[in-house]
Structure formats: C-alpha cells, structure tokens
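Notes to accompany the following structure.
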Amino acid sequence: MINAREAKPKVNVFYQQPHMPHPEYGVITQVGFVSNYFPENTIIHVLFFGESTPKACRARDLHWPPNYCSIDGGPEGQIYQS
C-alpha cells in the first residue's frame, strides 16, 4: 500500500489484487482529498499503460514499484519500495 500523503501526479504506481496474474502499472494523474482519519481510502486517479482514461483507485490498492523497475531513475520524486 502506498502512503496517500506521498502520492503526487506523474509518479508511477502499480495495482495488484490476489486474483490478478500480474500487476497493472500506471502513472498518477490526480490525488483526491487525503483524509487524516482514513488516508488509505484516498481516491487516486491512475492512467494505466495502454489505456486512454485514468481510473479511480483507492490508495490501499496501489503500491510503489520495486526499485529495479527503473532503468533511468524514473520521474522526479518517484518513490520505490525496498
């Protein structure tokens, strides 16, 4: 799960659920209001690769990509899981 307070447009995330054979990677386009009480429920709009319209996702369903996915260092401010 990503920290919704660290989410910002133009950084990469991925969406993964147990039933999915592989994750969906995308770029954050917009971050909704971050609740102080339930930040994991924050709505984050993500444009997934191969799609033309961003989808609304909950922060608790998104993850930072592993650091080995970036060859060139990624976008400025990109956060990686270790």
Show the residues, 5+ positions off or on another chain, whose built amide H is closer than 5 Å to the amide H of Cys57.
-> Ile44, His45, Val46
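Based on other C-beta atoms within 10 Å, arrange Thr42, Thr29, Thr53 from fewest to most.
Ordered by Cβ neighbours within 10 Å, fewest first: Thr53, Thr29, Thr42.
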Could you give P(r) for segment 4-69, binned at 5 Å from zero, as whole percent values over all Cα-Cα pairs?
-> 4, 19, 30, 25, 16, 6, 1
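Could you line up Tyr80, Tyr15 from fewest to most neighbouring Cβ atoms inside 10 Å?
The fewest-first ordering by Cβ neighbours comes to Tyr80, Tyr15.
Just so you know, all these numbers are worked out from the coordinates, no wet-lab data involved. Remember, it's a predicted structure, so these values are computed and weren't measured experimentally. Heads up, the Cβs are rebuilt from the backbone with ideal geometry, glycines too, and the neighbour counts pull from every protein chain shown.
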